[in-house]
Amino acid sequence: MKGTYDTYRIVNSTELRAQVAKILDSNSFRGSKRCSDFLRFVVEETCEGREDLLKERSLGVAVFGRAPDYDTNQDPVVRNTAGQVRKRLAQYYYEPGHEGELRIDLPPGSYVPEWRALDAASETPAPPPAKSPRWWIAALFLVSVAGVAIWGWQNKANALDLFWAPLLDQRGPIVVCIGQGHTYKLSGDWDSLFDRGAGFEGRSSVPLGEVTPAFDRYVGLTDARALARLSGLFAHYDRQIEVRGGRSTTLADLRGKPAVLIGAFNNSWTLSLTGELRFYFEEDAPNRLETVRDRQHPDNLAWKVRSDLPSSQVAEDYAIVTRVFNPTTEQAIVVAAGIRGGGTAAAGEFLTNAGYLEQALKNAPQNWQRHNVQFVLTTRLIGGTPGPARVLAAHYW
């Protein structure tokens with residue numbers, strides 16, 4: 001049978017299918033329907049002797065419902081999923097308790113699975129250890145420490161896999177919509193004045209004709225930091241993104257596409273698409289406040305920032321992280337948004353740091369990955385630079 005090795009015992013199809021079912025029921029695969037469907041299909045086809053048909057285009061059609069003539073270069077769903085399956089299989093077999101199980105692999109560059117199981121009768125006791133020089137003992141210690149570190153990273157990475165699965169499991173690029181504030185450009189000789197450090201010296205006003213709105217041309221540095229972190233995350237998952245400015249984004253750009261929204265008061269899409277949720281942003285203009293509000297506790301007014309303070313003087317910021325299926329776009333969206341830029345940057349770090357996300361989900365309900373999720377975060381700032389985010393509240397529904 002294709003997929004077995006001569007040095008191991010023969011595996012029958014019943015045993016193989018039972019192992020596949022066990023793998024798919026594990027934490028490594030339970031959160032990804034796309035990866036589960038892919039692994040189940042390629043193993044079944046190989047069992048039936050149809051491994052010659054396991055090509056990229058045929059898999060795209062059979063597993064993911066693509067048209068027979070779809071462009072595999074523009075839609076690398078098969079390649080991306082195969083990479084995720086390899087990663088999840090490695091994670092499954094690395095976890096304690098799976099060492100002696102029938103092993104299923106998907107070799108790089110191939111969509112034909114291979115499997116093997118040790119013949120217990122052929123196993124021989126290991127010889128007694130010889131005396132080792134001290135450098136070898138040190139090397140073994142370092143390897144064991146590295147193994148513990150890798151095991152911990154893989155477990156943490158699983159939280160990222162589960163959180164981002166509703167977006168990663170969709171076809172096509174992920175739209176990243178970044179907020180854009182009220183930015184103006186001064187024409188005339190103003191640029192040279194500021195370059196010389198003169199600024200507004202000797203001038204009491206700026207002629208209106210020399211002020212040009214540039215709302216759609218610039219983004220804030222803190223929002224750009226969040227974008228950079230998220231871009232790195234999607235590159236890790238081998239997913240393409242489509243970056244759009246909030247002011248030039250239309251509903252047509254978002255509808256039917258997985259999306260990430262960066263920023264709150266500088267991104268109208270965040271305010272409009274998440275404004276009805278439990279945690280939301282609200283501006284209190286008369287009191288010069290920008291706040292995070294909680295519909296279940298409307299008397300809570302603690303999560304606020306003065307809107308008239310320069311960013312360098314804001315000591316604490318608040319943010320909302322949201323993952324929700326949105327009925328308007330008919331797709332899953334993730335929001336990383338702070339009251340000010342420091343909060344947005346902290347939210348971006350929270351969403352891309354396996355350790356932070358794992359800690360936040362410690363008390364999450366069972367099967368949380370199938371629910372909508374909101375977190376309220378806070379972060380301390382020094383000179384406008386945020387520290388680690390801390391979770392103040394969480395909501396699952």
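The values are calculated or read from the model by the stated rules, or taken from the named source; none is laboratory data. If you're wondering where the values come from, they're calculated on a predicted model, not measured in any experiment. Positions of Cβ are backbone-derived with ideal geometry, glycine not excepted, and every protein chain shown enters the neighbour counts. Side chains included, ligands, DNA and RNA excluded: accessible areas come from the protein's heavy atoms. Shrake-Rupley method; radii C 1.70, N 1.55, O 1.52, S 1.80 Å.
Descriptive notes on the structure:
- Residue match in segment 329-343 (condition: in a helix (DSSP H, G or I), at pLDDT below 95 and of a type in the set (Asp, Glu)): no
- Among the residues of segment 164-190, those that are part of a strand (DSSP E or B) and either open to solvent by 10 Å² or more (accessible area, probe 1.4 Å) or at pLDDT below 85 (or both) comprise Tyr184, Lys185, Leu186.
One line per residue, one yes/no per condition, for (1) open to solvent by 80 Å² or more (accessible area, probe 1.4 Å); (2) at pLDDT below 95; (3) under 30 Å from the mean Cα position of the chain (by Cα); (4) within 23 Å of Phe350 (Cβ to Cβ):
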{"residue": "Phe281", "(1), (2), (3), (4)": "no, no, yes, yes"}
{"residue": "Asn287", "(1), (2), (3), (4)": "yes, yes, no, no"}
{"residue": "Thr291", "(1), (2), (3), (4)": "no, no, yes, yes"}
{"residue": "Asp294", "(1), (2), (3), (4)": "no, no, yes, yes"}
{"residue": "His297", "(1), (2), (3), (4)": "yes, no, yes, yes"}
{"residue": "Ala302", "(1), (2), (3), (4)": "no, no, yes, yes"}
{"residue": "Gln313", "(1), (2), (3), (4)": "yes, yes, no, no"}
{"residue": "Tyr318", "(1), (2), (3), (4)": "no, no, yes, yes"}
{"residue": "Val321", "(1), (2), (3), (4)": "no, no, yes, yes"}
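- Among the conditions (1) modelled with pLDDT under 85; (2) over 21 Å from Ala117 (Cα atoms); (3) surrounded by 14 or more Cβ atoms within 10 Å (Cβ to Cβ), the only one that Asn73 does not satisfy is (3).
- Here Asp105 clears all of (1) within 24 Å of Ala235 (Cα to Cα); (2) touching a strand residue (DSSP E or B) at 6+ places or on another chain (Cβ under 8 Å); (3) without any contact (Cβ under 8 Å) to a residue 24 or more places away in the chain; (4) open to solvent by less than 30 Å² (accessible area, probe 1.4 Å) except the condition numbered (4).
- If you go through segment 248-267 and keep only what is hydroxyl-bearing (Ser, Thr, Tyr) and surrounded by fewer than 18 Cβ atoms within 10 Å (Cβ to Cβ), you end up with Ser248, Thr250.
- Verdict on Leu227 being in contact with a strand residue (DSSP E or B) (Cβ under 6 Å, 6 or more places away or on another chain), closer than 17 Å to Ala332 by Cβ and either among the hydrophobic types (A, V, I, L, M, F, W, C) or in contact (Cβ under 8 Å) with a residue 40 or more places away in the chain (or both): no
- Selected residue (criterion: least open to solvent (accessible area, probe 1.4 Å)) from residues of segment 19-70 that are part of a loop (DSSP other than H, G, I, E, B) and of a type in the set (A, V, I, L, M, F, W, C): Leu54
- Residues in segment 350-380 that are open to solvent by less than 20 Å² (accessible area, probe 1.4 Å) and in a strand (DSSP E or B): Val373, Gln374, Phe375, Val376, Leu377, Thr378, Thr379.
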